[in-house]
Amino acid sequence: MKYSDRYDLAALSSYDPTPNQTGSIFLNDVGFFDLSNVSIVGCSVDTVRQLFYGLPRPEMIERLERFSESKTQLVTLSPNGGDLWYFSKMGKVARYRYKLQNNDLGIVILFGSYFQKLDSIGQHLKIELSPHFISQRSIAKIWQRLFSGFGSFANAFLENPIPKGCAVHLAVDYQNYSLPADFVSNVKCYARTIRVFDDVSELDLSQLTAGVSSFGGPGVEQNYLIGSASNFQVCLYDKTKSAIREDKIDYFKAQWQNHDENQKVRRIELRFHHQITREVGQHLGRSLEAWPDVAEVLTDLWRYGMGLVRYHLDKNLVHPIWQLLTFDAEFYVPADGLNISRKKKDSIDPVAKNVAMMIGNIITLAARRGFNAKQTLSQLYKLTFYDEIISYYRSRGLGESDLQETIEKGLALRKLIGKAA
């Protein structure tokens, strides 16, 4: 029996899976809640971003550089042909040197980290998969294309690739429930700021990073964005309007099950940065660096995310619609009842904090002087307590190459966003 057969107002953490009342109308101190018409028409993995660590293949770099010099835009990954890709050389703000995109397949490949030399091992490859690529393949088939199969993307670009992080966006589409005007005032989360966007047609959801944002015109049900793209983010919006605007309505109609074409479809989407899945894996004592491992825990991950941002009736009572969306959603496999949490960072003693602050300050000063990474590192070498810096990095499972990457990344970011001015 699904949780939608019982919508009480208990906090999610005190959920009792044994129903004490059937039906979808529950009478309590607040009043009646009739959710009998609410239907979930789709649970899907909207996006997968898989990162790989390894040494870039020289022949691939040479091939891409030739494309860049000749300004060739339509390319193949192999000299022997294959799928066509739109190729572009990226600036440092993109963090990767090369981008290959094929919307027909539903894949974007970013290759060659700016924060690591191309002749050294590093996190040089990120592959983003679209909804239609994911929906047409099993977990295993997706992984074969990414990593384990003959001629996989990871092996085409890197020597000895290692999966090193997996970000996922999970989506639940539903009908026959509209968020009230006071929705955002009853959301319990860590976000602190609110921004309003009046023209939804101008909005690119993937670019927003505000704490809590709402967008939509006057008299129109608002759409909300909660959290940061670099951490954990929740989006609630009109998926029908979004699909029409993006010319993807036929695709989504084929994906939605038993949906009413006369009613709009709303979506709630949870976006988990790869650092979140990594820390969840550390808490569980298992690796969640690769897509197949993350896929096994998606339903539990969904419930965890819904608990991070809660829609309340008041300070103690979770709204029934939030319980429906939390407990009736399922991704690939049912929830396993995992005690999901992020591994708490080990306490850092004052010396370690001082080391971290010192490195950050030196990078800022070096950026103002116009130093490059090599010059900045040489300044650190001259410090009598350089050994303490390396000890600090090793205590975190890192090494000297990671310190160099921190410097290169820090210098680039300070110059790009103006902190070196």
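The values are calculated or read from the model by the stated rules, or taken from the named source; none is laboratory data. All values derive from a computational prediction rather than experimental measurement. As a convention, Cβ positions derive from the backbone with ideal geometry for all residues, glycine included, and neighbour counts pool all protein chains shown. Each accessible area value is taken on the protein alone, full model and side chains, heavy atoms only, with ligands, DNA and RNA left out. Shrake-Rupley method; radii C 1.70, N 1.55, O 1.52, S 1.80 Å.
The figures follow:
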quantity: Every residue from region 217-267 that is among the polar types (S, T, N, Q), under 20 Å from the mean Cα position of the chain (by Cα) and open to solvent by less than 50 Å² (accessible area, probe 1.4 Å); calculated: 223, 228, 233, 242
quantity: Residue in region 56-72 that is over 13 Å from residue 112 (Cβ atoms), part of a strand (DSSP E or B) and open to solvent by 70 Å² or more (accessible area, probe 1.4 Å) present; calculated: no
quantity: Hits in region 179-190 - residues which are open to solvent by 60 Å² or more (accessible area, probe 1.4 Å) and in a helix (DSSP H, G or I); calculated: 185
quantity: Qualifying residues in region 147-178 (those that are part of a loop (DSSP other than H, G, I, E, B) and out of contact with any helix residue (DSSP H, G or I) (no Cβ under 7 Å at 6 or more places or on another chain)) - the one most open to solvent (accessible area, probe 1.4 Å); calculated: 150
quantity: Yes/no for residue 133 being of a type in the set (A, V, I, L, M, F, W, C), outside any helix (DSSP H, G or I) and over 23 Å from residue 91 (Cα atoms); calculated: no
quantity: Residue pairs meeting the criteria (Cβ under 6 Å; at least 6 apart or on separate chains; first within 23 Å of residue 267 (Cα to Cα) and among the acidic types (Asp, Glu), in region 316-343; second modelled with pLDDT of 90 or more and open to solvent by 30 Å² or more (accessible area, probe 1.4 Å)); calculated: 328/40; 330/43
quantity: Residues being under 22 Å from the mean Cα position of the chain (by Cα) and of a type in the set (Phe, Trp, Tyr) - total across region 77-111; calculated: 3
quantity: Test for residue 288: is it under 17 Å from residue 233 (Cβ atoms) and open to solvent by less than 10 Å² (accessible area, probe 1.4 Å); calculated: no
quantity: Close pairs from region 223-241: first under 19 Å from residue 303 (Cα atoms), partner in a helix (DSSP H, G or I) and not polar (S, T, N, Q), Cβ under 6 Å, at least 6 apart; calculated: 232/276; 235/205
quantity: The lone exception for residue 243 - which of (1) part of a helix (DSSP H, G or I); (2) closer than 23 Å to residue 187 by Cα it fails; calculated: (2)
quantity: Residue in region 265-272 that is at pLDDT 95 or above, in a loop (DSSP other than H, G, I, E, B) and under 19 Å from residue 179 (Cβ atoms) present; calculated: yes
quantity: Region 292-325 - residue that is modelled with pLDDT under 95 and of a type in the set (S, T, N, Q) and, of those, nearest to residue 45 (Cα to Cα); calculated: 323
quantity: Within region 124-146, tally of residues that are closer than 16 Å to residue 60 by Cβ and open to solvent by 30 Å² or more (accessible area, probe 1.4 Å); calculated: 1
quantity: Index of the failed condition, residue 120 passing every other in (1) open to solvent by 60 Å² or more (accessible area, probe 1.4 Å); (2) in a loop (DSSP other than H, G, I, E, B); (3) not aromatic (Phe, Trp, Tyr); calculated: (1)
quantity: Every residue from region 73-108 that is assigned to a helix (DSSP H, G or I) and open to solvent by less than 90 Å² (accessible area, probe 1.4 Å); calculated: 94
quantity: Any chance residue 285 is without any contact (Cβ under 8 Å) to a residue 12 or more places away in the chain, closer than 27 Å to residue 127 by Cα and of a type outside the set (Phe, Trp, Tyr); calculated: yes
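Each row is one residue, and each column tells you yes or no for (1) over 30 Å from residue 239 (Cβ atoms); (2) modelled with pLDDT of 95 or more; (3) not β-branched (Val, Ile, Thr).
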site: 45; (1), (2), (3): no, yes, no
site: 62; (1), (2), (3): yes, yes, yes
site: 91; (1), (2), (3): yes, no, yes
site: 98; (1), (2), (3): yes, yes, yes
site: 107; (1), (2), (3): no, yes, no
site: 118; (1), (2), (3): yes, no, yes
